[in-house]
Amino acid sequence: LAGGMELAPGSPRALPGSGLFGWLRGRCLGRSAAVDPARDTFRAMTGLYGSIQPADSVYLSTRTHGAVFNLEYSPDGSVLTVACEQTEVLLFDPISSKHIKTLSEAHEDCVNNIRFLDNRLFATCSDDTTIALWDLRKLNTKVCTLHGHTSWVKNIEYDTNTRLLVTSGFDGNVIIWDTNRCTEDGCPHKKFFHTRFLMRMRLTPDCSKMLISTSSGYLLILHDLDLNKSLEVGSYPILRARRTTSSSDITSSGSSSGSSGPRAVGSPCHQSDSGPLSEKHLSRSSQREGGSPRNSLEVLTPEVPGERDRGNCITSLQLHPKGWATLLRCSSNTDDQEWTCVYEFQEGHTLRPVSPRCSLRLTHCIEEANVGRGYIKELCFSPDGRMISSPHGFGIRLLGFDAHCSELVDCLPKEASPLKEIRSLYSHNDVVLTTKFSPTHCQIASGCLSGRVSLYQPKF
């Protein structure tokens, strides 16, 4: 390499017999020597997480605040915000565990989600159908209130490229808000997408894809995302229960093999009850490569262990911080099982001649504690993507792709493998509903049904 740089012999990133191509592959994946899983720097980081303990906790009276539904750190890690059941938003200094501020009437109903747009501006959404914008420098009043949803608003995303705010709610709508033109009366907005049974919506880190999960077990992926182009209701006909788990299934007589990958099925988008779409039309509409249009839709029912013969609800949806995978929390329709599953994005996967291509593959999964039925548990990736923090009964579990907390791309199995439990932490007296890693410090926060927020950090 130029400058005499060589890849160290035996490096786990090197391809067999070709150090140069191994180094280039690492560059393409966004990795450098500083994050090499074999380096002492990461061993030290793994040691920190291995010694993590409950550091401090603040009990929030359920009479005033209610359950903790969501936690969000500011991008610089200086503020921890808490979305509460009883109309309030709480702000803490996560380093000193000091309470900073209570927004006692942030909304008129439950506060569901919080999203920072930058280090000072953040948005909150509520069951009162509104979204509110706040500035950390002036918390006595809202920057503005956004009206547009007709039911509970559950999710907020932010496209850093276009500075567009994206929200979704139980009305089935995904709405785009132009934060560049905000006034005290709100922001210009438009309906971008609509689907039945919408639960969660996420943007990939590079904002090239939008993922939408539904309570009916569907996962929708909009590829080559263009938020400036609205998708009209009615543009995607229902595809009747088309299930393909492998390319060989296309030519078979509808057999359903036990593949570990997701199955492409019918679209749950709102439509008239027209008949199945012809294979010719389906093939044309599913092709994304070449001259395919923006916002191409892919509809999947991700395979969940133990759920092949029963439906399931995708309650939580998160994205790997490098955009390599999606993390789902699924529960059975009978509510007697819960699973955490990781699906790798298979970019460049061969297009199928009939059904939409299957761009996700189940790589890791683990069964969760079946407690707190009916409540959604929000899980998350660590900032480096090597670890998962998952609500587990009255505590949280730290999960890795292997016992050494390797990166996902370094331990991709041929078949779905169990996630490895790195550590379990318990400091609550009620069901944990949400957990979050700090983006800048070795710290984790969790919140439970009875209103307690706990912080975890290393203790030696």
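Does the range 149-165 contain at least one residue that is in contact with a His (Cβ under 8 Å, 6 or more places away or on another chain) and touching a residue at least 40 places away in the same chain (Cβ under 8 Å)? No - not one qualifying residue is present in the range 149-165. The residues in the range 62-94 that are within 24 Å of Gln318 (Cα to Cα), in a loop (DSSP other than H, G, I, E, B) and among the hydroxyl-bearing types (Ser, Thr, Tyr) can be counted, and the count is 2.
Selection over the range 158-171 of residues that are open to solvent by less than 80 Å² (accessible area, probe 1.4 Å) and either part of a strand (DSSP E or B) or within 21 Å of Thr204 (Cβ to Cβ) (or both) gives a count of 9. Among the residues of the range 328-340, the one identified as surrounded by fewer than 22 Cβ atoms within 10 Å (Cβ to Cβ) and at pLDDT 85 or above is Trp339. Do we find that His189 is surrounded by fewer than 22 Cβ atoms within 10 Å (Cβ to Cβ), under 15 Å from Ala132 (Cα atoms), at pLDDT below 95 and not hydroxyl-bearing (Ser, Thr, Tyr) in this structure? For His189, the condition - surrounded by fewer than 22 Cβ atoms within 10 Å (Cβ to Cβ), under 15 Å from Ala132 (Cα atoms), at pLDDT below 95 and not hydroxyl-bearing (Ser, Thr, Tyr) - is met. Restricting Asn180, Asn155 to those that are polar (S, T, N, Q), touching a strand residue (DSSP E or B) at 6+ places or on another chain (Cβ under 9 Å) and outside any strand (DSSP E or B) reduces the list to Asn180. The set of residues in the range 403-437 that are within 29 Å of Arg373 (Cα to Cα), outside any strand (DSSP E or B) and not hydrophobic (A, V, I, L, M, F, W, C) comprises Ser427, His428, Asn429, Asp430. On the given criteria, is Pro391 open to solvent by 20 Å² or more (accessible area, probe 1.4 Å) and closer than 25 Å to Thr204 by Cβ? No, not satisfied.
Here Thr150 fulfils each of the conditions (1) over 25 Å from Thr435 (Cβ atoms); (2) of a type in the set (S, T, N, Q); (3) open to solvent by less than 30 Å² (accessible area, probe 1.4 Å) apart from (3).
For the range 192-225, a residue qualifies if it is of a type in the set (D, E, K, R) and at pLDDT below 90, and the qualifying residues are Arg196, Asp224. Among the residues of the range 161-199, those that are in contact with an Asp or Glu (Cβ under 7 Å, 6 or more places away or on another chain) and among the hydrophobic types (A, V, I, L, M, F, W, C) comprise Leu164, Val166, Cys187.
The values are calculated or read from the model by the stated rules, or taken from the named source; none is laboratory data. The structure displayed is predicted, hence computed values, not measured ones. With ideal geometry, Cβ positions are generated from the backbone for all residues, glycine too; neighbour counts draw on all protein chains shown. Calculation scope for accessible area: heavy atoms of the full protein, side chains included, ligands and nucleic acids excluded. Shrake-Rupley method; radii C 1.70, N 1.55, O 1.52, S 1.80 Å.
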